[in-house]
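All remarks here apply to the structure that follows.
Quick note: the coordinates plus some simple rules give every number you see, no bench work behind them. Computed from a predicted structure; not experimentally measured. Ideal geometry is used to build each Cβ from the backbone, glycine not excepted, and the neighbour counts take in all protein chains shown.
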Amino acid sequence: MEKFALAILFVMLVLPLSLFAAEDYGFACGDWEIKGNRIYQEDADTGIAKAWLVYPQKGVVEYIFNVMYEEGLFEDGHAGFGLHIFVDKPAKGFSWGEGKSYLLWLNYDENPESDDIPEGLSAQLYRSDTNWDMELLDSISLKALEKVVMKYPKSTEVPIRITVDGRSGVVKIYDPVTSGLFYTMNLDNKKSLSGNYVTLRTNSGAFSFGY
């Protein structure tokens, strides 16, 4: 199983840039900064902020990191973050989608505009076909976690663990509170997936990420 430790890879960017090819990473929208062992997206108002990195993926992949809310959620009752996985080619500027990829999205919305999005804390799975075309595949409520995760949002590092089987399409989002409990969603792939990039994404909130 491949494991993607988000912060470890991004913190590598503080090393001399001569060690990295310019095309190996990039930031598209947002205000990104690395401080110590965490990466921060500090623009709480932007609708889309992305940071992408070369990371070959195939088979079963595990994504492990932690997230801390910094600012923006309580002003409008809406914020979210997630990962585009199995990305073929990341967008280098503002875009709604992210090439051919799937987006694993964790969302808090007190007044969702769509009936397909549960109120409060939830998880969504999207398929991105182009930089501008995405389709919602699945959406599940995480209301049971809301009181725990939201109780001290500005001082809580919430552990994130997600496994994705690029062959069967099974996605498991592990409960950060109860060991062994996970929520399941399914990709709509007809064949085994592979991708060369992963993209971290935020919406309407400032967050920091670590490992």
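Here is a check on your reading of the model: is Tyr102 under 15 Å from the mean Cα position of the chain (by Cα) and over 23 Å from Glu2 (Cα atoms)? Outline the logic, then answer.
Numbers: under 15 Å from the mean Cα position of the chain (by Cα): yes; over 23 Å from Glu2 (Cα atoms): no.
The answer is no for Tyr102.
Considering Lys89, Lys50, Lys58, which residue is among the basic types (Lys, Arg) and more than 18 Å from Phe27 (Cβ to Cβ)?
Details: Lys89 fails: more than 18 Å from Phe27 (Cβ to Cβ); Lys50 fails: more than 18 Å from Phe27 (Cβ to Cβ).
One residue alone meets the criteria, Lys58.
Return the total of residues in the range 46-63 being closer than 20 Å to Asn203 by Cα and surrounded by 15 or more Cβ atoms within 10 Å (Cβ to Cβ).
Filtering the range 46-63 for residues closer than 20 Å to Asn203 by Cα gives 46-53, 63.
From what is left, the residues that are surrounded by 15 or more Cβ atoms within 10 Å (Cβ to Cβ) are 46, 48-53, 63.
Residues flagged as closer than 20 Å to Asn203 by Cα and surrounded by 15 or more Cβ atoms within 10 Å (Cβ to Cβ) within the range 46-63 amount to 8.
Report, ordered by the first and then the second residue, all pairs with beta carbons closer than 7 Å, sequence separation of six or more or different chains, a first member in the range 26-40 that is under 12 Å from Phe94 (Cα atoms), and a second member that is surrounded by fewer than 18 Cβ atoms within 10 Å (Cβ to Cβ) and of a type outside the set (Asp, Glu).
If the second residue must be surrounded by fewer than 18 Cβ atoms within 10 Å (Cβ to Cβ) and of a type outside the set (Asp, Glu), the pairs left are Ala28/Lys92; Ala28/Gly93; Ala28/Phe94; Cys29/Ile48; Cys29/Phe94.
Please give the number of the condition Arg201 fails out of (1) crowded, with 17+ Cβ neighbours inside 10 Å; (2) within 16 Å of the chain's Cα centre (by Cα); (3) over 20 Å from Ala44 (Cα atoms); (4) among the charged types (D, E, K, R).
(3)
Return only the number of the condition from (1) more than 17 Å from the chain's Cα centre (by Cα); (2) of a type outside the set (A, V, I, L, M); (3) more than 23 Å from Trp52 (Cβ to Cβ); (4) exposed (fewer than 15 other Cβ atoms within 10 Å of the Cβ) that Thr184 does not satisfy.
(1)
The conditions are (1) under 22 Å from Phe74 (Cβ atoms); (2) in contact with a Pro (Cβ under 8 Å, 6 or more places away or on another chain), and Ile140 fails exactly one of them. Which is it?
(1)
Of the residues Asp175, Asp133, Asp76, Asp116, which is in contact with a Leu (Cβ under 8 Å, 6 or more places away or on another chain) and exposed (fewer than 15 other Cβ atoms within 10 Å of the Cβ)? Write out each step before concluding.
Details: Asp175 fails: exposed (fewer than 15 other Cβ atoms within 10 Å of the Cβ); Asp133 fails: in contact with a Leu (Cβ under 8 Å, 6 or more places away or on another chain); Asp76 fails: in contact with a Leu (Cβ under 8 Å, 6 or more places away or on another chain).
Of the residues listed, the single one that is in contact with a Leu (Cβ under 8 Å, 6 or more places away or on another chain) and exposed (fewer than 15 other Cβ atoms within 10 Å of the Cβ) is Asp116.
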